[in-house]
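Novice: So that we are looking at the same thing, I have put the structure below in structure tokens.
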Amino acid sequence: MSYEKVSQAKQLVVGTKQTVKAIKAGDIQQVVIAKDADYKVVSKLLQASKDMNVEVLYVDSMKKLGKACGIDVAAATVGIMK
């Protein structure tokens, strides 16, 4: 499951803006997006992932994704670094 992948990753980028920057820099191997995130928030990330050929995984909950990252707030997106 993707939550386990996130919690076991050595380096993460949390948040949409930071993840988009890291994708454009070529530092991200996979992106995890919460299905309950607002499409307006993740649309740029989806486009950047498509443009840079980055695999996109989905999870059900922003709250659980934040917890898997080790933060106390919900996370719409997380980038797993190379």
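Where a number appears in this text, it was derived from the coordinates with a stated rule and is not lab data. None of these values were measured; they are calculated from a predicted model. Note that each Cβ is placed from the backbone with ideal geometry, even for glycine, and that neighbours are counted across all protein chains shown.
Novice: Cβ-Cβ distance below 7 Å, separation of 6 or more or different chains: which pairs start in the range 22-38 with a residue that is under 9 Å from MET81 (Cβ atoms) and end on one that is surrounded by 12 or more Cβ atoms within 10 Å (Cβ to Cβ) and of a type in the set (S, T, N, Q)?
Specialist: Taking only residues 6 or more apart or on different chains, the pairs are ILE28/THR19.
Novice: Now a separate question. ALA68 - would you say it is more than 15 Å from GLN18 (Cα to Cα) and touching a residue at least 12 places away in the same chain (Cβ under 8 Å)?
Specialist: Here the answer is yes, as ALA68 does meet what is asked.
Novice: Looking only at residues in the range 70-82 that are within 16 Å of VAL41 (Cβ to Cβ) and not hydroxyl-bearing (Ser, Thr, Tyr), which one is surrounded by the fewest Cβ atoms within 10 Å (Cβ to Cβ)?
Specialist: First, the residues of the range 70-82 that are within 16 Å of VAL41 (Cβ to Cβ): 73-79.
Cutting the leftovers down to not hydroxyl-bearing (Ser, Thr, Tyr) gives us 73-76, 78-79.
Numbers: VAL73: 10, ALA74: 16, ALA75: 26, ALA76: 20, VAL78: 30, GLY79: 28.
Filtering first and then ranking leaves VAL73.
Novice: Go through (1) in contact (Cβ under 8 Å) with a residue 60 or more places away in the chain; (2) in a helix (DSSP H, G or I) and name the single condition LYS44 misses.
Specialist: It is condition (1) that LYS44 fails.
Novice: Which of (1) in a helix (DSSP H, G or I); (2) touching a helix residue (DSSP H, G or I) at 6+ places or on another chain (Cβ under 9 Å); (3) without any contact (Cβ under 8 Å) to a residue 12 or more places away in the chain is the odd one out, the single condition LYS63 does not satisfy?
Specialist: It fails just one condition, (2).
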